[in-house]
Amino acid sequence: MASLTFHSLTGTVEKIPTSSFCSNPRISATFHCKNKGEKRVSRMTLKAMGGAAKYKGTQMREKQLTEMIEKKVTEAKEVCKGDETSDECKVAWDEVEEISQAKADLRIKLEIEKKDPLESFCQENPETEECRIYED
Amino acid sequence: MAVCTVYTSQSFNSTCSISTPTKTHLGFHQKQVVFYSTGKRTNKRGSSSCGPCVITCSAGDSQTVVIGLAADSGCGKSTFMRRLTSVFGGAAEPPKGGNPDSNTLISDMTTVICLDDYHSLDRTGRKEKGVTALDPRANNFDLMHEQVKALKSGIAVEKPIYNHVTGLLDPPELIKPPKILVIEGLHPMFDERVRDLLDFSIYLDISNEVKFAWKIQRDMAERGHSLESIKASIEARKPDFDAYIDSQKQYADAVIEVLPTQLIPDDNEGKVLRVRLIMKEGVKNFSPVYLFDEGSTISWIPCGRKLTCSYPGIKFFYGPDTYFGHEVSILEMDGQFDRLDELIYVESHLSNISTKFYGEVTQQLLKHADFPGSNNGTGLFQTIVGLKIRDLYEQITASKTAAPLEATKA
């Protein structure tokens, strides 16, 4: 699981800059932020482990999928207790497979392709909740 | 832009009238022009008058080549797809500015469509009816056929989106006809009408042991999963898988079969693989890859004096066989590549690999060294199949531009 740690030296940064103001903080170690005429300089250090979700929406989705897997596995075990060959049992495990694959696809996208699926959407809509840059 | 050349062996006199269709379809490339000759026509050669002559022109760009790929491992995100699109150049990306959960991938030459988008039942619907996604009853083959046919004829379509996270059918996205359309999913060859639209089809056949090993690798890190749950999921889906998915194998032009290695006794890690590329003989525009001598049977261990390999080494096999009643050629690789020179050595001994330059297969594998299977038969054969598809595409487009149309002759 990836984590991003921001250490602000001067303490003047109250708001995490959005992409419309500043260059991507993940790429540069230092950046200058212009916010309504004020000039803030902060040094940010980044500690990203593995493929990281860039946007909040993606981070939330990762969490959602993890929880769904747990939930659906429990459900499947429950449903199959009665009859392992029943249609309900088949369908329950099929759902587990679907969600497991969806989670794996997301992981591949983040870790191997190093792309956040919301990238394109967030370029157009940087102000939405899910496009907030993921913070700890 | 349509270019029409009309060849006639007799001149039309003024009694002929020309009628053109009043209805035109958006992006419809074919126009039919019907000539009616009303007057009496004498022909010195004595051949009969032609009556209504239909001359069809097709535009030069309605040449969408359709490839089908049957795979259980999700859609459009599979390694095979990435390798294939890479052979044609450019990276395949989801459509920009659209639904972030789209399963579609688009590159310059190719568009990859996930067949899950043709689910007729969403997750709730399937639960209600008690059918898995593998069941044909969960899929709209009429729509699949209609849209693949349209794209093949150069007509754009509004294709539904199946969202794998929410399990719902999202609003459709516009798909424009590409040069190469790849339909990937569980049922590309299930419906006969769709099958007939395919210019080439591939089936990825993963053996049970390897599937289990791969799913363990995929899922063990997940909190909800355990060895038992992974096993139970595979077992529960197996009857539907065997009935509806596996049964498509026989229709594929090429099957990539992935089995556990025979080089390491009792290996159950699934890391070293034995991969067989089963190629149908007699497929149009496709000439099977071979080793040394086409049609003969060869067993080849490249490691020796000229090439040193590390454990467990590499072993090749090539030979003719029959598969579901069809004549096939099988090329098999067991083991893995450890070094660049092993790769290039093997490549230099394969024939009919449709490369454009020496070392192209090696280059493609190195380009994506981080993809799974880059050091074994899966990566090697997926890359080779990608090159064969490129070759097939070039042959098809070359033959289509050479013969635009033919007029009916009296």
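The values are calculated or read from the model by the stated rules, or taken from the named source; none is laboratory data. Everything numeric in this text was worked out from a predicted model, so none of it was measured. All Cβ positions, glycine included, derive from the backbone under ideal geometry; neighbour counts span all protein chains shown. To get the accessible areas, we keep the full protein, side chains included, count just its heavy atoms, and leave off ligands, DNA and RNA. Shrake-Rupley method; radii C 1.70, N 1.55, O 1.52, S 1.80 Å.
The table that follows gives values for the structure above.
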item	result
Output for region B:256-275, where each listed residue is surrounded by fewer than 20 Cβ atoms within 10 Å (Cβ to Cβ) and of a type in the set (Lys, Arg)	B:Lys271
Of all residues making up region A:86-102, the number that are within 7 Å of another protein chain (Cβ to nearest Cβ) and open to solvent by less than 20 Å² (accessible area, probe 1.4 Å)	9
Looking only at region B:287-320, and only at residues there that are open to solvent by 70 Å² or more (accessible area, probe 1.4 Å) and in contact (Cβ under 8 Å) with a residue 40 or more places away in the chain, the one that is nearest to the chain's Cα centre (by Cα)	B:Glu294
Selected residue (criterion: most open to solvent (accessible area, probe 1.4 Å)) from residues of region B:206-255 that are among the aromatic types (Phe, Trp, Tyr) and within 14 Å of chain A (Cβ to nearest Cβ)	B:Trp214
Candidate set: region B:78-112, residues that are hydrophobic (A, V, I, L, M, F, W, C) and out of contact with any Leu (no Cβ under 7 Å at 6 or more places or on another chain); chosen: the one modelled with the lowest pLDDT	B:Ala91
Of the criteria (1) at the interface with chain B (Cβ under 8 Å from one of its Cβ atoms); (2) not in a helix (DSSP H, G or I), which one A:Glu127 fails	(1)
Residues (buried (at least 21 other Cβ atoms within 10 Å of the Cβ) and touching a residue at least 40 places away in the same chain (Cβ under 8 Å)) located in region B:86-96	B:Val87
Test: residue in region B:354-372 that is touching a residue at least 24 places away in the same chain (Cβ under 8 Å) and more than 20 Å from B:Gly90 (Cα to Cα)	no
Filter result for the condition that a residue is of a type outside the set (D, E, K, R), modelled with pLDDT under 95 and touching a helix residue (DSSP H, G or I) at 6+ places or on another chain (Cβ under 9 Å), over B:Val157, B:Val194, B:Val165	B:Val165
Some residue of region A:71-85 being at the interface with chain B (Cβ under 8 Å from one of its Cβ atoms), exposed (fewer than 15 other Cβ atoms within 10 Å of the Cβ) and part of a helix (DSSP H, G or I)	yes
Which listed residue, of B:Ile183, B:Ile175, is surrounded by 19 or more Cβ atoms within 10 Å (Cβ to Cβ) and either under 23 Å from A:Met68 (Cβ atoms) or touching a Gly at 6+ places or on another chain (Cβ under 9 Å) (or both)	B:Ile183
B:Gly325 being under 18 Å from B:Lys280 (Cα atoms) and either open to solvent by less than 20 Å² (accessible area, probe 1.4 Å) or assigned by TED's automatic domain parsing to the domain that holds B:Thr85 (or both)	no
Residue, nearest to A:Ile108 (Cα to Cα), within region B:335-358, restricted to residues that are open to solvent by less than 10 Å² (accessible area, probe 1.4 Å) and out of contact with any Phe, Trp or Tyr (no Cβ under 8 Å at 6 or more places or on another chain)	B:Gly335
Per-region count, region A:108-122, residues crowded, with 18+ Cβ neighbours inside 10 Å and more than 8 Å from every other protein chain (Cβ to nearest Cβ)	3
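Conditions (1) open to solvent by 10 Å² or more (accessible area, probe 1.4 Å); (2) within 26 Å of B:Ser354 (Cβ to Cβ); (3) without any contact (Cβ under 8 Å) to a residue 12 or more places away in the chain, marked per residue:
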residue: B:Gly98; (1), (2), (3): yes, no, no
residue: B:Leu115; (1), (2), (3): no, no, no
residue: B:Asp135; (1), (2), (3): no, no, no
residue: B:Phe141; (1), (2), (3): yes, no, no
residue: B:Val148; (1), (2), (3): no, yes, no
residue: B:Leu151; (1), (2), (3): no, yes, no
residue: B:Ile155; (1), (2), (3): yes, no, no
residue: B:Ile161; (1), (2), (3): no, no, no
residue: B:Met189; (1), (2), (3): no, yes, no
